[in-house]
Amino acid sequence: MEHILTILIFFPLLAGILGFIVDRDSAKAYGISVAGIEFLLSLWLWFSFDMDNADMQFTEFLPIIKEFGISYNVGVDGISLFIVIMSAMITLIGIISLNEEKIDNIKNMIVSLLFLEMTMIGVFVALDAIMFYIFWELSLVPMLYIIGAWGGPTRVYAAIKFFLYTFAGSLIMLVGLLSIAYLYHLETSVWTFNLLDWYQLDLSVNLQYWLFLALFIGFAFKVPMFPFHTWLPHAHGQAPTIGSVILAAVLLKMGTYGFVRFSLPLFPDASVQMIPMIVVLSIIMIIYTAMVAFAQKDMKQIIAYSSISHMGIIMIGIFAMNSEGLSGAIFQMISHGMVSGALFLLVGIIYERTGTKLMSKFGGLASIMPVYATIFGVMLMASVGLPLTIGFVGEFLVLLGFYKISPMATVIAGTSIIIGAIYMLSLFKKSFFGEVTNESNRGLKDLNAREITALLPLVAIVVWLGIYPKPVLKPIDNSVQKLLIDMKYKARTPEAKKSIISIQRAKEEK
Amino acid sequence: MENLVYIALFAPFVGSLFAGLFFARSPKNIVVGVVNSALIFISLLASIALAIHVVEHGAIHVTMMDWITVGGLHIPFGFVVDEVSVTMMVVVTMVSTVVHIYSNGYMDHDKSFNRFFSYLSAFVFSMMVLVMSDNFAGLFIGWEGVGVCSWLLIGFWYHKKDVTPDINPAISPSYAANEAFIMNRIADLGMLIGIFLIYWNVGSLQYDIVFEKLPHLGDGILVAIAMALFIGAMGKSAQFPLHTWLTDAMEGPTPVSALIHAATMVTAGVFLVIRANPIYSLDAVSGVSYFIAALGTFVAFFAASMALVNRDLKRIIAYSTLSQLGYMFAAAGLGAYWIALFHLAAHAFFKALLFLGAGNVMHAMNDELDIFKMGGLKKVMRGTYLYMGVASLALAGIPPLAGYFSKDAIIETAFNEGTYILWFALVFTAGLTAFYSFRQVFLTFEGEERYKKFGFHPHEMYRYVLIAMSPLAILAIITGWFKGSFHEFIIRLLPDYEMSHHTHHNAWWLGLLVLAFAVTGIIIAYMKYARKGDKAFKQDKEVESGFLYKLLINQYYIPAFYTEYIVKPYSALSDKFWSIDKAVVDATVDFIAKVIYKTGDRTRVIQNGNLSSYLNWMGVGAVLLILASAVAVVIG
């Protein structure tokens, strides 16, 4: 299976196209089979992945437009491996969780999801900047459709806002990418969009600075960083459950992944110089949105704002410039994907039963739906970063890593463990504890088999990777260390050389 | 021996899973209670066997597997059974065994019987992880684990609704649970910072490596580490100003209060300071250590003062726990780590006994907690009276019971260190302790039978429960007698602390003074609360409207202060941020979009198909371009 990555990208696309001719009644079964096969393939990728190799693996290269050096170029390393697997898994779980009776036109939904899956995996394995950009933009289309077709009352506003916002950002990013190719051409008189070639490019600090900003806008809109985050609550507020799950679990990670794949290795000096700006924005993001989350009356909005807050933790981890923080940030991407995905599923379940997400309509749910409450409780604990759940490992490593950069900023960012507990526990108290305030809730049914099938794997992973994160952390750490060594080697300014801590230096010190 | 370590550690975990996975949805099943109690008992036996092994052969160190390995960081699941941890293990499993058996009786009417055992055993497991881990990260796992179990158990009766603070100061079990969790999280941040400091300065989180490298660290860093870790300790051990959660935690079922909020979890902070004694005994951090001692003494007095007026059976004991934790910190801060640990163990036994006794009273009185509505219960609850009497005597420090030996040693330490203010505060507090303990005992068991007015029909607890409590009663009596041999055993690991000649010389009158204070406290309590007839206790409205009484019964207005100046502003600020998010941040985005849209809309009129108008616009464009290039030339 040399072409495993190509298969992973295009199998969902082909299956999606074929999906149009599938009978409506068997659409969901079809979707589950396709996503299941895709997930198994992604697992195969993991098992055949060489854990000790930090470089790109399963690479494929096929020139498309030779004159401009645009090619079909894919590969996967420890950093992207688990995001790819997570994308496949979340898609599968999302499709399993779909309720055929409640969703009109389920066939179109399945097709959109499979198409979305292609674009997500494409983004994470692309090693060609143009290809990355194309998948990046394509991913907007199915999500636009999912929000616009199956969303709430103001879905069109939310969908267009989501589309235009991220589209505007990515256009500026495109300008940045084209400029890099041009600069590469100036230096070597070769046109190429191959990311691995670009890594060799030595840019002046000033140029790095401007290019960093161009890409920053594209990535930051997607993450979304403060103050560019307001599209997200709208999108989540209107999106159907499945849309929110994939948006929070996978699509947001494209932004943070972009920083790791592009900004850090291409612009090491600018990245170090930009730490103060990133940190200020991230800390605002962490604290401010966590407090906004606390003010919400709607469960789903709490999870939406909490997503932004957690993405802030990932951002400071990426700019920790050491292996602890950066590996922690990438682990946190996986962790946040699992936990926020599960939380959105859980909110969707109660919304489907009652038609509301307002906490004031609930109260005492723990007595009525004990299994639901238990799974919600597990995810809550993962969300607040309890040790031995997946949420702790990433958050702990990020804060630990960033402490090296700035103890003060770490203390401030660390308040997320307090304010995160405040809004999550108050959500849990308002909805699950106390007396049953709404008599009509008494008849609510606990989770059914379909919902349990969707949620149990997530619970299992949350616990498993909390207790034994090594299988995931080790490949991530390998590739991260390589990245840091390259960055340190490439850095021009002494500050950057000093801030970037690769293990080699740590060994020298000993 | 390795197997014994794992048995001691995982037996409670197996119990928790057994109850949680197989019986979560089934009705009360006595099998759950029996199996879980048996598993904790096995853990106790293993701990005792390990203790014997440690006495004879020294510490055992096992590494189970890797947990987190990234960059230079390597954290294993490693466990160390040495003099300190084995002491804690025996204490924890001892109290847990009794509390588990007790809970079979206490919770027998509760429909969530199985769930209760699942949480309770999970707590014991977390506590064992906390005390047995061989590194700071492992300690933190247990630290947070006990926090979650405490959250689950305080909020065990989550179905109760919120009431206003004047009806129930804790508002509701779920409110109290959240308060405890969040307040502990504040302290946990301090602890995490301590862990980060250690990692970046030492390169490891293993106790042995960290303690070995301490001499190479700068003074500033050592002080920072000591402070950060102590902030963590303040949360779990409910030291001022993070103390309010502990009394509210009394919303949990009483066996929980006995186990978690008296005997084990709340002592985790003290344990941390004892465990990290190589840090706290350095000269560089003597300031921090003295602060710990001073804060401990302050809390000892502060908590005792609030216990003087409280009418709530459990809250009085909770204040007394707080006060005794203060004593332990005082000892640890002054460098007498082994005395702190000894008091920790002795306190665990008599305080758990006291709480379980209180549980019997509640069981008898339909969960009534107001001691003013009790009185004269000794007739119907002879066994419980005996137990609570013994526990209170031990707490008051009356010889030859446990508290006399352990608390007296702490007070003597304060004298020995020449910190006479602390010493006197601790002596005085000993008097207060005796007074409020016996005020409670007498109001409950002696005097007029006030409960009859309220229509209660009290009855004694099941016999097997009373028998199950007897080990604690025995330990509350005899623990002190083993002070000498415990000292010999524990100083193999902890620094020894010996009294000076001067102190030895004065020891007789020091002891007598403390005793005099304690006995006076008991006598006053007897005169005021234990008598019948004309001399019987009556509520004194005049005292109750006094300033001092009001101050104390309102807990120095600290909870009200927190609500008014922290909780409410936080909510208000959150709401403010939300409106900013909508009215400023989001509105700006929409405004930009609108401007772009409107610009397009307005400029559409330019394309009107009129050739001369096009030519005009072309002229405007050309002029603009020329101007732009002119500007560019001038600047460039």
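The values are calculated or read from the model by the stated rules, or taken from the named source; none is laboratory data. Please read these numbers as outputs of a predicted model, since none were measured by experiment. Cβ sites come from the backbone with ideal geometry, for glycine too, and all protein chains shown count toward neighbours.
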Legend entry - Selected residue [surrounded by fewer than 16 Cβ atoms within 10 Å (Cβ to Cβ), among the β-branched types (Val, Ile, Thr), at negative phi and in a helix (DSSP H, G or I)] from A:Val111, A:Val123, A:Val141: A:Val141
Legend entry - Selected residue [within 12 Å of chain B (Cβ to nearest Cβ) and under 21 Å from the mean Cα position of the chain (by Cα)] from A:Ile461, A:Ile419, A:Ile476: A:Ile476
Inset, instruction - List the number of the failed condition for A:Val411; all other conditions in (1) within 8 Å of another protein chain (Cβ to nearest Cβ); (2) surrounded by 20 or more Cβ atoms within 10 Å (Cβ to Cβ); (3) in a helix (DSSP H, G or I) hold. - result: (2)
Legend entry - Sole residue being closer than 21 Å to A:Pro12 by Cβ and touching a residue at least 40 places away in the same chain (Cβ under 8 Å), chosen from A:Ile70, A:Ile90, A:Ile79: A:Ile90
Inset, instruction - Considering each residue of region A:479-497, count those that are more than 14 Å from every other protein chain (Cβ to nearest Cβ) and of a type in the set (Ser, Thr, Tyr), and give that number. - result: 2
Legend entry - Unique match (being over 27 Å from the mean Cα position of the chain (by Cα) and surrounded by 22 or more Cβ atoms within 10 Å (Cβ to Cβ)) among B:Gly447, B:Gly403, B:Gly397: B:Gly447
Inset, instruction - Give the number of residues within region B:10-62 that are within 21 Å of B:Leu153 (Cα to Cα) and either β-branched (Val, Ile, Thr) or outside any helix (DSSP H, G or I) (or both). - result: 14
Inset, instruction - Output the number of residues of region A:394-408 satisfying the condition of being in a helix (DSSP H, G or I) and more than 7 Å from chain B (Cβ to nearest Cβ). - result: 9
Inset, instruction - Please work out which one of (1) within 11 Å of chain A (Cβ to nearest Cβ); (2) assigned to a helix (DSSP H, G or I) is the condition B:Asn114 fails and give its number. - result: (1)
Inset, instruction - Tell me which residues, restricted to region B:15-56, are surrounded by fewer than 18 Cβ atoms within 10 Å (Cβ to Cβ), in contact (Cβ under 8 Å) with a residue 40 or more places away in the chain and over 23 Å from A:Tyr372 (Cα atoms). - result: B:Ile30, B:Val34, B:Ile48, B:Ala49, B:His53, B:Val55
Inset, instruction - Kindly indicate whether any position in region B:150-167 is on the phi > 0 side of the Ramachandran plot, within 11 Å of another protein chain (Cβ to nearest Cβ) and in contact with a Leu (Cβ under 9 Å, 6 or more places away or on another chain). - result: no
Inset, instruction - Report yes if A:Pro268 is in contact (Cβ under 8 Å) with a residue 12 or more places away in the chain, within 14 Å of another protein chain (Cβ to nearest Cβ) and crowded, with 22+ Cβ neighbours inside 10 Å, otherwise no. - result: no
Inset, instruction - Only helices (runs of 4 or more DSSP H) wholly contained in region B:236-291 count here; list those with 1 or more residues that are of a type in the set (Gly, Ala, Ser). - result: B:254-258, B:268-275
Inset, instruction - With the condition kept exactly as written, say whether any residue in region B:136-145 is facing chain A (nearest Cβ under 8 Å) and within 21 Å of A:Leu365 (Cβ to Cβ). - result: no
Inset, instruction - May I ask you to say which residue of A:Val292, A:Val250, A:Val279, A:Val339 is part of a helix (DSSP H, G or I), away from every other protein chain (no Cβ under 14 Å) and more than 26 Å from A:Lys470 (Cα to Cα)? - result: A:Val279
Inset, instruction - Considering only residues that are more than 30 Å from A:Ile314 (Cβ to Cβ) and in a loop (DSSP other than H, G, I, E, B), look in region A:363-392 and name the one that is farthest from the other protein chains (Cβ to nearest Cβ). - result: A:Met369
Legend entry - Qualifying positions in region A:422-458 - small (Gly, Ala, Ser) and either over 23 Å from the mean Cα position of the chain (by Cα) or at the interface with chain B (Cβ under 7 Å from one of its Cβ atoms) (or both): A:Ser426, A:Ser431, A:Gly434, A:Ser440, A:Gly443, A:Ala449
Inset, instruction - Scan region B:406-416 residue by residue and report those that are farther than 16 Å from B:Leu512 by Cβ and surrounded by fewer than 24 Cβ atoms within 10 Å (Cβ to Cβ). - result: B:Asn416
Inset, instruction - Look at B:Asp82 and say whether it is within 14 Å of chain A (Cβ to nearest Cβ) and among the acidic types (Asp, Glu). - result: no
Inset, instruction - Return yes or no: is A:Gly36 touching a helix residue (DSSP H, G or I) at 6+ places or on another chain (Cβ under 9 Å), small (Gly, Ala, Ser), modelled with pLDDT of 95 or more and over 16 Å from A:Ile242 (Cβ atoms)? - result: yes
Legend entry - Options B:Lys594, B:Lys568: the member that is under 30 Å from A:Pro224 (Cβ atoms), basic (Lys, Arg) and within 14 Å of chain A (Cβ to nearest Cβ): B:Lys594
